[in-house]
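The next block holds one structure in the form of structure tokens; read it before the comments.
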Ligand SMILES: Cc1ncc(COP(=O)(O)O)c(C=O)c1O
């Protein structure tokens, strides 16, 4: 989120490298970064670290199963490569049927689709896990409705903030939309590219982790924790999400201004044409703190210049189409 080679982050990593990478006992940095997360993220009272987003979404689901004594999971969005979530994707070769049968998908901004899941299996859901936002904005208090419905059915509400974390606001989407989950997961932006993820949540639920196996050789690896400390400090003190949001407003497409989805039909051609104009763009525009208004102007000019392109722009509402 800060951009490549951020010197504050990289200097923090270099200093830590001189002291050591991984230790037998938890390093003080684990406490320091945990305390930062507890201060920044509304639902965070306790924290555990992993390396990938999949580590922490899987940890959250296992924790929810342990806490509720139930097996079934309702999910919406992408949550990683592990069996419990990958089983319901279109690319699920190798996932046992018994595992696939425990995960059920509902649709974003469609509360009836979640109602139906609960109706079909009353008292069997451990949790509802979802991305708080992807290319669509939540409509009609959708996130609050999901939370209420989960709780009414005795299930935990988990926000997968692997992408939205620290991007939609300093405290993530949960702060931006003022809906507090029981558990939340963070990754990607947390350490500016160094491998780290975090599972956070209410103390009461997180205490159950004492009896749940959630442990990795490299979870307490200190270079990424040093990177996270420097990254989170900058995101918080310089309100990076506010900068990115304001910077991204003129970019056409779906979703949040700092993470625009362009509706591209021919992605390869699009990438080729953007590349010719000096821009690497894969179909989403993920702004970072090193981007400036000039970069955004250059992108918009490239989109407009593209010979044969037809752009229909309605910022914040619909995407534009390129034929
Ligand atoms: C919302 C969300 N959750 C979880 C994951 C999985 O993270 P990872 O690839 O680091 O395991 C991703 C990865 O793209 C993601 O976008």
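Bear in mind these aren't lab numbers, they're just calculated from the coordinates by the rules spelled out. Values in this document were obtained by computation on a predicted structure and should not be read as measured data. Heads up, the Cβs are rebuilt from the backbone with ideal geometry, glycines too, and the neighbour counts pull from every protein chain shown.
A few notes on this one:
- Entry note, the chain: the mean residue ellipticity at 222 nm calculated from DSSP H runs of n ≥ 4, each adding -39500 (n - 2.57), is -11500 deg cm²/dmol after division by the residues and rounding to the nearest 500.
- The range 96-173 - convex hull of alpha carbons, volume per residue in Å³: 104 Å³
- Relative contact order computed over the range 7-237 (Cα-Cα under 8 Å; 6+ residues apart), in percent: 32 percent
- Radius of gyration over Kirkwood radius for the range 1-118, both on Cα atoms: the Rg/Rh ratio is 1.07.
- Most to least packed among 136-148, 163-175, 7-19 [average Cβ atoms within 10 Å]: 163-175, 136-148, 7-19
- Inter-centroid distance (Cα atoms) of the range 173-247 relative to the range 54-90, Å: 18 Å
- Global geometry of the range 105-229, whether rounded, prolate or oblate, following the gyration tensor of its Cα atoms and the 1.5 cut on a/c: oblate
- Debye log10 I(q)/I(0) for the chain, one point scatterer per Cα, at q = 0.07, 0.11, 0.12 Å⁻¹: -0.30, -0.74, -0.87
- Straightening the chain between residue 97 and residue 11 buys 26.2 nm, computed as 0.36 nm per residue apart minus the Cα-Cα spacing.
- Considering only the range 7-237, percent of DSSP beta bridges that pair antiparallel, nearest 5: 35 percent
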